[in-house]
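Below is one structure, written out as structure tokens; the observations come after it.
Values quoted throughout were computed directly from the atomic coordinates according to the rules given, and no laboratory measurement underlies them. Since this is a predicted model, take the numbers as computed values, not measurements. Positions of Cβ are generated from backbone atoms using ideal geometry, with glycine treated the same way; all protein chains shown enter the neighbour counts.
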Amino acid sequence: MKNLTDLKVRFVGAGNMATSLIGGLLNRGFLPSQITASDPGGHQRQVVTEKYGVQSFDDNNAHFGIPDIIILAVKPQIMKKVVLDIADSVASTNALVISIAAGIKIEHLEQWISSEVAIVRTMPNTPALIGEGATGLFANVNVTKEQKHLTEGIMDSVGISHWVDEEFKIDVVTALSGSGPAYFFLFMEYMQKTAIELGLKPEVAAKLVEQTALGSAILAQRSSDDIKVLREKVTSPKGTTEAALNSFNNSNLEEIVKQALTAANDRSIQLSKDFS
């Protein structure tokens with residue numbers, strides 16, 4: 001089995017998620033010489049070259065050689081065009097293909113490249129940009145146990161990853177952790193806004209909200225209690241927390257959250273159909 005540090009990795013697309021993965025791989029011991037990236041955008045190529053020392057190309061077909069892993073990191077809207085352009089290069093390499101594009105199903109990539117290619121579909125999220133991402137993974141039947149292990153190593157370089165056993169569950173991952181950061185940001189935004197209206201200075205409200213969110217997440221990770229128990233431990237009878245939670249319950253917050261995640265899940269499913 002190859003070690004991560006023996007691999008040759010080719011990025012097609014050099015946007016934010018690609019650069020976060022490149023940074024994560026370098027932090028895990030990769031050498032810049034093991035990685036190349038292609039992107040039509042001069043600025044993005046400049047970033048990966050100057051910040052990470054990774055060779056970059058404007059032609060997606062110019063840098064393949066014989067890689068072990070090809071990471072498709074372009075926007076879903078242009079994925080078909082890009083993949084069809086590089087299909088011959090990809091098929092000739094026998095490399096593992098990892099897609100990080102939302103809504104692009106494995107069957108689409110198999111149609112555009114080949115049904116014999118090993119493909120892993122992933123759904124990372126934006127905290128990967130700071131090494132705290134959460135990624136869902138699903139592999140087609142061509143992916144070997146070794147390639148699964150390598151995929152985990154790559155995605156774990158920017159956070160954590162978990163496999164799902166059916167591809168439709170990637171849509172659930174998209175609704176939960178893929179879109180999830182925005183839900184927490186919105187809740188934090190409303191908390192901060194209300195605290196300011198109640199009298200706190202904006203900078204004080206911002207710092208308290210940020211640290212409260214961070215501390216709560218870390219406590220949930222490190223505690224042996226589940227989230228329900230942690231919530232109950234904070235909630236004293238007839239106290240301030242109970243008053244706030246009663247207000248949430250009276251507004252049917254649980255149903256609101258359920259509807260929101262269901263809407264995101266449904267939209268992910270529709271995007272897959274659109275990209276067909």
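Side notes on the structure shown:
- Each Lys and Arg Cβ is given +1 and each Asp and Glu Cβ -1; about its Cα centre, the chain then shows a dipole of about 400 debye.
- Annotation: the antiparallel percentage among DSSP beta bridges lying fully within the chain is about 15.
- Over the C-alpha trace of the chain, radius of gyration and Dmax come out as 21.3, 68 angstrom.
- Using the Cβ of K51 as centre and a radius below 15 Å, the other residues enclosed give a net charge of -1, where K and R count +1 and D and E count -1.
- Each Lys or Arg adds one and each Asp or Glu subtracts one; over the other residues with Cβ under 11 Å from the Cβ of R267, this totals -2.
- Backbone geometry of region 98-103 corresponds, through the Karplus equation with coefficients 6.51, -1.76 and 1.60 at θ = phi - 60°, to 3J(HN,Hα) couplings of 10, 9, 10, 8, 5, x Hz, x marking Gly and Pro.
- Placed amide H near I98: partners under 5 Å, 5+ positions off or other chain: I70, I71, L72, V120
- Relative contact order computed over the chain (Cα-Cα under 8 Å; 6+ residues apart), in percent: 15 percent
- The residues packed around P40, meaning those with a beta-carbon under 14 Å from its beta-carbon, carry a net charge of -1 if Lys and Arg are +1 and Asp and Glu are -1.
- Anisotropy class of region 4-168 from Cα gyration tensor, a/c 1.5 cut: rounded
- Around the amide H of K8, modelled in the peptide plane, lie the amide H atoms of D68, I69, all under 5 Å away and 5 or more residues distant in sequence or on another chain.
- Residue-by-residue Karplus 3J(HN,Hα) for region 172-183, coefficients 6.51, -1.76, 1.60, Hz, glycine and proline x: 5, 4, 4, 5, 7, 8, x, 8, x, x, 5, 5
- Hz values of 3J(HN,Hα) by residue in region 242-252 - Karplus curve (6.51, -1.76, 1.60), Gly and Pro given as x: 4, 4, 5, 5, 4, 5, 4, 5, 5, 8, 6
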